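One structure is given below, encoded as structure tokens.
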Amino acid sequence: MSKEPVAVVGIGQTKHVAARRDVSIAGLVREAAGRALADAELTWADIDAVVIGKAPDFFEGVMMPELYLADALGAVGKPMMRVHTAGSVGGSTALVAASLVAARVHGTVLTLAFEKQSESNAMWGLSLPIPFQQPLLAGAGGFFAPHVRAYMRRSGAPDTVGSLVAYKDRRNALKNPYAHLHEHDITLEKVQASPMLWDPIRYSETCPSSDGAVAMVLTDRAGAARAPRPPAWMHGGAMRSEPTLFAGKDCVSPRAGRDCAADVYRQAGIVDPRREIDAVEMYVPFSWYEPMWLENLGFADEGEGWKLTESGVTELDGDLPVDMSGGVLSTNPIGASGMIRFAEAALQVRGQAGEHQVEGARRVLGHAYGGGSQFFAMWLVGAEPPTS
């Protein structure tokens with residue numbers, strides 16, 4: 001028996017900010033969920049199950065918060081599942097929800113991811129000791145900076161590429177009313193003059209710490225037929241993982257990322273992603289990861305990703321726009337960041353991305369990664385139903 005086609009018929013997110021002190025965690029998630037239901041023109045009663053995800057619980061200091069969020073999400077008496085795969089969790093959560101629809105376990109599923117970072121300190125929460133290494137790093141940037149430096153050495157990329165990505169994404173964010181950072185006076189010179197945090201990563205080349213939530217309503221073919229607007233259809237989705245440390249690990253281009261992308265392309269019938277995919281919402285928490293992931297995902301040959309960035313290919317009006325919404329560099333409620341990539345990809349193929357809409361976008365990739373570049377989740381969505 002073939003899988004049930006999965007459609008995205010509702011999308012909602014909060015306005016992402018540094019601190020939402022006006023709401024509790026329950027209020028935050030209900031706000032996003034309510035907007036997704038309104039977009040789908042459905043009620044809480046129309047939802048068969050809820051799949052929720054977030055990053056590590058110590059980010060807020062509330063253990064297993066899903067246990068008390070059932071009421072806020074209309075899930076009392078309904079199946080509710082929690083997903084956790086570090087920073088990629090938003091993407092993984094959407095894929096788990098999609099699998100329930102594809103397997104015909106449920107007809108319509110609400111999936112949601114969130115983070116309320118203002119209630120803790122994620123940077124120091126992520127400053128964990130690494131076996132056999134000196135405890136010199138602070139935050140995720142301290143972990144990833146050597147990987148960026150390795151990429152620069154391997155590819156010969158000039159040290160200005162990271163600033164080009166940050167400048168692009170912050171300008172894109174100005175076109176997205178939900179983005180956290182709206183830096184109206186941003187210039188390339190300001191990015192390049194910002195303080196060096198973790199060589200070679202500068203302050204303006206890093207993601208913010210955000211409070212926010214995002215939700216999607218996923219449904220089957222029958223539900224899509226009743227939708228008030230054309231849905232986004234899932235053409236392929238996959239998750240892959242690998243250990244943080246092992247002999248031969250390629251920290252610049254992890255095998256799990258390459259394998260995950262290849263599986264998604266196989267499902268979607270993609271042979272040449274560079275030509276067949278119209279845009280990418282990519283998980284880029286530090287600007288240098290755009291060229292790195294362009295290579296990892298098969299959009300550029302090894303050592304060539306930075307040339308796409310430098311030549312303007314990934315600009316909003318470029319040949320392969322990347323992070324049209326402003327990306328993780330402009331909005332980062334960690335547990336939700338991956339699902340925001342997935343939701344923004346769906347908005348593009350539905351033609352509902354507003355000022356950051358890519359004209360004619362028919363197939364868009366949503367990408368998430370987490371941990372020590374070890375967890376990957378991706379989906380490809382299209383404007384038309386899948387052919388098989």
* To do: For residue 175, indicate whether it is surrounded by 14 or more Cβ atoms within 10 Å (Cβ to Cβ), modelled with pLDDT of 95 or more, farther than 26 Å from residue 143 by Cβ and among the basic types (Lys, Arg).
  => yes
* Asked: So is residue 20 open to solvent by less than 30 Å² (accessible area, probe 1.4 Å), outside any helix (DSSP H, G or I) and basic (Lys, Arg) or not?
  -> yes
* Which of the residues that make up the stretch 34-62 are of a type in the set (S, T, N, Q) and either open to solvent by less than 10 Å² (accessible area, probe 1.4 Å) or under 13 Å from residue 215 (Cα atoms) (or both)? -> none
* Asked: Within the stretch 153-172, which residues are open to solvent by 70 Å² or more (accessible area, probe 1.4 Å) and in a helix (DSSP H, G or I)?
  -> 153, 154, 171
* Asked: For the stretch 353-373, how many residues are without any contact (Cβ under 8 Å) to a residue 60 or more places away in the chain and charged (D, E, K, R)?
  -> 1
* Structure fact -> Within the stretch 134-152, restricting to residues that are aromatic (Phe, Trp, Tyr) and either open to solvent by 30 Å² or more (accessible area, probe 1.4 Å) or at pLDDT below 95 (or both), the one that is nearest to residue 310 (Cα to Cα) is 144
* Asked: Taking the stretch 23-50, which residues are outside any helix (DSSP H, G or I) and more than 24 Å from residue 101 (Cβ to Cβ)?
  -> 23, 24
* To do: Please go through the stretch 203-235 and pick out each residue that is touching a residue at least 60 places away in the same chain (Cβ under 8 Å), more than 30 Å from residue 20 (Cα to Cα) and either assigned to a loop (DSSP other than H, G, I, E, B) or under 16 Å from the mean Cα position of the chain (by Cα) (or both).
  => 220, 227, 228, 229, 230, 231, 234
* Scan of the stretch 348-379 for residues that are open to solvent by 20 Å² or more (accessible area, probe 1.4 Å) and more than 21 Å from residue 257 (Cα to Cα), ordered by number -> 350, 351, 352, 354, 355, 357, 359, 360, 362
* To do: Test residue 294 against the criterion of being open to solvent by less than 10 Å² (accessible area, probe 1.4 Å), without any contact (Cβ under 8 Å) to a residue 60 or more places away in the chain and either of a type outside the set (S, T, N, Q) or in a loop (DSSP other than H, G, I, E, B) (or both), and give yes or no.
  => yes
* Asked: Is there a residue being part of a loop (DSSP other than H, G, I, E, B), over 20 Å from residue 350 (Cβ atoms) and out of contact with any strand residue (DSSP E or B) (no Cβ under 7 Å at 6 or more places or on another chain) anywhere in the stretch 82-93?
  -> no
* Asked: Checking residue 247 against (1) open to solvent by less than 50 Å² (accessible area, probe 1.4 Å); (2) farther than 25 Å from residue 315 by Cβ; (3) small (Gly, Ala, Ser); (4) in a loop (DSSP other than H, G, I, E, B), which single condition isn't satisfied?
  -> (1)
* Asked: Inside the stretch 327-358, can you point out the residues that are in contact with a Phe, Trp or Tyr (Cβ under 9 Å, 6 or more places away or on another chain), of a type in the set (Gly, Ala, Ser) and outside any helix (DSSP H, G or I)?
  -> 327
* To do: Quick one: count up the residues across the stretch 63-93 that are under 27 Å from residue 121 (Cβ atoms) and either touching a residue at least 40 places away in the same chain (Cβ under 8 Å) or open to solvent by less than 10 Å² (accessible area, probe 1.4 Å) (or both).
  => 14
* **Pick from the stretch 255-274, criterion part of a loop (DSSP other than H, G, I, E, B) and closer than 22 Å to residue 94 by Cα, ranking: most open to solvent (accessible area, probe 1.4 Å)** => 269
* Structure fact -> Log entry, pairs with first residue in the stretch 183-197 being within 15 Å of residue 170 (Cα to Cα) and part of a loop (DSSP other than H, G, I, E, B), second being open to solvent by 80 Å² or more (accessible area, probe 1.4 Å) and of a type outside the set (A, V, I, L, M), beta carbons closer than 7 Å, six or more apart or on different chains, reads 194/203
* To do: Can you give me the number of residues within the stretch 24-58 that are touching a helix residue (DSSP H, G or I) at 6+ places or on another chain (Cβ under 7 Å), under 25 Å from residue 121 (Cα atoms) and free of Cβ contacts under 8 Å to residues at least 60 places away in the same chain?
  => 1
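The values are calculated or read from the model by the stated rules, or taken from the named source; none is laboratory data. Computed from a predicted model, the values in this text were never measured in an experiment. Cβ: placed from backbone, ideal geometry, glycine included. Neighbour counts: every protein chain shown. Calculation scope for accessible area: heavy atoms of the full protein, side chains included, ligands and nucleic acids excluded. Shrake-Rupley method; radii C 1.70, N 1.55, O 1.52, S 1.80 Å.
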